[in-house]
1. Filter segment B:154-167 down to the residues that are more than 16 Å from ligand 1 (Cβ to nearest atom), surrounded by 18 or more Cβ atoms within 10 Å (Cβ to Cβ) and more than 14 Å from every other protein chain (Cβ to nearest Cβ) and list them by number.
2. Does segment A:112-146 hold any residues that are within 19 Å of A:ALA42 (Cα to Cα) and touching a Leu at 6+ places or on another chain (Cβ under 7 Å), and which are they?
3. Filter segment A:180-198 down to the residues that are in a helix (DSSP H, G or I) and closer than 12 Å to A:ALA132 by Cβ and list them by number.
4. Among the listed residues B:SER41, B:SER31, B:SER13, identify the single one that is among the hydroxyl-bearing types (Ser, Thr, Tyr) and either under 12 Å from the mean Cα position of the chain (by Cα) or within 14 Å of chain A (Cβ to nearest Cβ) (or both).
5. Given (1) open to solvent by 50 Å² or more (accessible area, probe 1.4 Å); (2) touching a residue at least 12 places away in the same chain (Cβ under 8 Å), where does B:SER32 come up short, assuming only one miss?
6. So which pairs qualify, if the first residue must be in segment A:198-216 and of a type in the set (S, T, N, Q), the second must be assigned to a helix (DSSP H, G or I), the Cβ gap must be under 8 Å, and the two must be at least 6 apart or on different chains?
7. When segment B:39-57 is examined, which residues are found to be under 16 Å from B:GLU21 (Cβ atoms), open to solvent by less than 20 Å² (accessible area, probe 1.4 Å) and more than 6 Å from ligand 1 (Cβ to nearest atom)?
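The values are calculated or read from the model by the stated rules, or taken from the named source; none is laboratory data. Since this is a predicted model, take the numbers as computed values, not measurements. Glycine gets a Cβ as well: all are built from the backbone with ideal geometry, and neighbour counts include every protein chain shown. The protein model used for the area step is the full one, side chains on, heavy atoms only, and it has no ligands, DNA or RNA in it. Shrake-Rupley method; radii C 1.70, N 1.55, O 1.52, S 1.80 Å.
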Amino acid sequence: MLSSIWAIFLKDLKSELRTRYALNALLMFVVVTISMILFATAGEVISGELLSGLLWVVIFFSAMSGLSRTFVSEEDRGTVIFLQLATRPSAVYFGKLLFNLVLIFGINFFVVIAYFLTMEGFKIKSFDVFLAGLILGSLGLASASTIIAAIIAKANTKGTLYPVLSFPVLLPLLITAINMTQLSIEGAKLVETFGHLRILFSYFAVVVIASYLLFDYIWKE
Amino acid sequence: MEFKLICKDIRKSFGRLLVFESINFELTNNSSLAVAGKNGSGKSTLLKIIAGLLSPSSGEVIYQINGKKIDKLDWFKFVGFVAPYLQLYDEFTGYENLEILAKIRGVKDYKRKIEDILKRVNLYARRNDLVRGYSSGMKQRLKYACALLHDPILLILDEPTSNLDPEGVEMVWAIAEEQKKRGILIIATNEPEELKICEEVINLDELKLKAKGQIVK
Ligand SMILES: Nc1ncnc2c1ncn2[C@@H]1O[C@H](COP(=O)(O)OP(=O)(O)O)[C@@H](O)[C@H]1O
Ligand SMILES: [Mg+2]
């Protein structure tokens, strides 16, 4: 089972490195949105609060444009049966989740670096709070995106449905994550944010467990 | 080990379209079944249901080993499946496709097995080319390699000889003969020749299971 998950993860990684379907689109997206924010706010002093909101806007939309690919590409190319015939549904789910986790951590690393370099008003006082919010937020984002991608891959209107379906599901996560980033700018201590951390972590845990239970039904018609 | 495939009163409909109903049969080791019928009669649908890729609207498919029912989640271990709508990863080479499959399946000692099977389907010389560059006949051969990699007890072939040259068709006959000796073979086809190699025939147009002997009479 574990080796099966790992094999699916490696397949996706190798495929992504070879074709760069998601990667190129994602990097372009990050570069474009950050430049747009820069142009739109040129010469103005933006508050840290606004900047933390904008950071998650960039992260949310790049996640939306990249994370659905794992399932949609299998469905589009008709390789779903290949996987269905090769292993249990849960192995596919966890393999894809792992891939999306790696993808989103990769993107967020890039986004945050680019953000620090370009946004002068973005000064983090408590780095541990920022990092904890970012990591747990990414976990939640990846887990929710993965299962939503699995659902919409079966639908006909894939492209438009994704953000529409994701937004309400991700809203509690985004609000908490934005809040964490704001707190890190204000210089809150990590212990003060435990409430938030608990929400973010439970979100991740609940989504993964629910997805695991649901996935058998989504995966096979 | 006695493997048994049982289909109990299978019915399938898509919305209001009823594809077929009351399909009943039982197959054990060393047997074979051909599914015949016009285009759109539901051959592929039935095969997918048997392989567990699709759920029947009602009725039940059962896999049994020595009288013990097998969990549907484990069916994939017993099935080999070749079909026109099964696609391979075209950004990978033929060898890589098999390697990926072997790793996902957890096939032991797969390097030697893959080489053997690539020689068997006559793709060994082209094993390091991307599948994107394969002809449709070569892809069909690779699908056979994928289906046979784990020595399935139940081999399901949908339009087995599509896109194949005469030599490829010979290969399919050999595989089919071997499968009949080892396990169960199920074919969906309209070719009279392919119907002949199976002991039993379900004609979805007539919806009757007949022993082949009776048809000849
Ligand atoms: N996913 C589906 N949704 C709706 N109808 C379907 C679907 N799959 C197959 N059908 C219908 O079921 C019938 C049987 O299809 P199929 O099993 O592919 O036929 P065959 O393989 O015998 O040519 C056809 O009328 C087809 O239109
Ligand atoms: Mg068909």
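1. B:LEU164, the sole residue that qualifies.
2. Of all residues in segment A:112-146, those within 19 Å of A:ALA42 (Cα to Cα) come to A:114-123.
Across segment A:112-146, the qualifying residues are A:TYR115, A:THR118, A:MET119, A:GLY121, A:PHE122.
3. A:MET180, A:THR181, A:LEU183, A:SER184, A:LEU190, A:VAL191, A:GLU192, A:THR193, A:PHE194, A:HIS196, A:LEU197, A:ARG198
4. Only one candidate passes the filter, namely B:SER13.
5. Failing condition for B:SER32: (1).
6. That search, which allows pairs on different chains as well, returns A:SER211/A:TYR93; A:SER211/A:LEU97; A:SER211/A:SER143; A:SER211/A:THR146; A:SER211/A:ILE147; A:SER211/A:ALA150.
7. The answer is B:LEU46, B:ILE49, B:ILE50, B:LEU54.
Residue by residue, here is whether (1) more than 18 Å from A:PHE9 (Cα to Cα); (2) more than 16 Å from the chain's Cα centre (by Cα) holds:
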{"residue": "A:GLY95", "(1), (2)": "no, no"}
{"residue": "A:VAL111", "(1), (2)": "yes, no"}
{"residue": "A:SER126", "(1), (2)": "yes, yes"}
{"residue": "A:LEU134", "(1), (2)": "yes, no"}
{"residue": "A:LEU165", "(1), (2)": "yes, no"}
